[in-house]
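Working notes, structure below.
The values are calculated or read from the model by the stated rules, or taken from the named source; none is laboratory data. This structure is a prediction, so every number in the text was calculated from the model and none was measured. As a convention, Cβ positions derive from the backbone with ideal geometry for all residues, glycine included, and neighbour counts pool all protein chains shown. Areas reflect the complete protein model, heavy atoms only, side chains present, ligands, DNA and RNA absent. Shrake-Rupley method; radii C 1.70, N 1.55, O 1.52, S 1.80 Å.
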Amino acid sequence: MAAAVPSAASRIAVVTGASSGIGAATARQLAAAGYRVVLTARRKDRIEALAEEINKGGGKAAAYALDVTDRAAVDEFATAFRAIGVLVNNAGGALGADPVATGDPADWRQMYETNVIGTLNVTQALLPALTASGDGTVVVVSSTAGHGTYEGGAGYVAAKHGAHVLAETLRLEIVGTPVRVIEIAPGMVRTDEFALTRFGGDADKAASVYEGVAEPLTADDVADTITWAVTRPSHVNVDLLVLRPRAQASNTKVHREL
């Protein structure tokens, strides 16, 4: 089935967490697919550099520094749009890998605020513009952590379960409107920052996550999947797509060549 060409009313795609990793890769690929991408993240220098790269390459991009957990800032951002076609809720992340007995409540709170409340803030603020386009798509980038548990991951798992439930419930609540809700749930993805951030900058711990795994997913793999789902014909809704590297059978079953 051929990719759908975005209509004039739905050519704007907002990508949160676009300063690196999956968000940056998704912005590049959506721009290549014909969307004018709006890059949001807290790191203004990163998204401005990416916007410049996309524009120089023949695409269309704009950068807007935004913290998705700041509701007032999100609401102000949303006033710039009368209609948009796509919202990719990618901002999120993991902090720590401690068991429930010793996990830091501050880390749990921050993960919930970013992965769940941040997604809620941006989705609520932009839903009218998505509906006004006549052909809107909300993408929630969750995780396989939102569909299963593993030791040492309860805080992140709880947050991603929240993101999954948000997407699933929104789909029920807005059925009949011209807006699709897509959830993309990646498994093991090797990016420059995810594991490093999770382990507080400890490069050895971050590297150990992928040790012996021949080919973890890349940010481009996930971005390709997001772009494919978004560019299906309007009547096709990819409710949930779980993707893992071949070496990963579940959150806790990974083949390592050691």
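So what does the Cα-only Debye profile of segment 126-258 read at q = 0.20 Å⁻¹, as log10 I(q)/I(0), no solvent term? Evaluating at q = 0.20 Å⁻¹ gives log10 I(q)/I(0) of -1.19. Among SER20, SER142, the order of accessible area from largest down is SER20, SER142, computed with a 1.4 Å probe on protein heavy atoms.
So if a site counts as exposed when it's one of the GluC sites (Glu not before Pro), its DSSP state isn't H, G, I, E or B, and it has at most 14 other Cβ atoms within 10 Å, what's the longest stretch of the chain without one?
On the way: sites that count: GLU151, GLU193, GLU211, GLU257.
Free of exposed loop sites, the longest segment is 1-150.
What separates the Cα centres of segment 41-118 and segment 145-207 is a distance of 14 Å. Averaging 1/r across all pairs of distinct Cα atoms in segment 54-109 and inverting the result yields a Kirkwood radius of 15.0 Å. Estimated from helical segments only, the mean residue ellipticity of the chain at 222 nm is -12000 deg cm²/dmol, where each DSSP H run of four or more residues counts as -39500 (n - 2.57). Within the straight-line cut-off of under 14 Å between alpha carbons, the aspartates and glutamates reachable from LYS60 are GLU48, GLU52, sequence neighbours fewer than 8 places apart in one chain being disregarded. Rounded to the nearest 10 square angstrom, LEU50 shows an accessible area of 10 square angstrom against a 1.4 Å probe.
No solvent, one uniform scatterer per C-alpha: report log10 I(q)/I(0) for the chain via the Debye equation at q = 0.11 1/Å, two decimals. Evaluating at q = 0.11 Å⁻¹ gives log10 I(q)/I(0) of -0.56. When the pairs LYS56/LYS160; LYS160/LYS253; LYS44/LYS253; LYS44/LYS160 are compared against a 30 Å limit on Cα-Cα distance, LYS56/LYS160; LYS44/LYS253 fall above it.
Heavy-atom accessible area with a 1.4 Å probe sorts HIS235, HIS161, HIS255, largest first, into HIS235, HIS255, HIS161.
Expressed as a fraction of 2.2 N^0.38 Å, the C-alpha radius of gyration for segment 179-219 is 1.42. The base-10 log of I(q)/I(0) for segment 20-97, evaluated at q = 0.13 Å⁻¹, reads -0.40 [Debye formula, identical scatterers on Cα atoms, solvent excluded].
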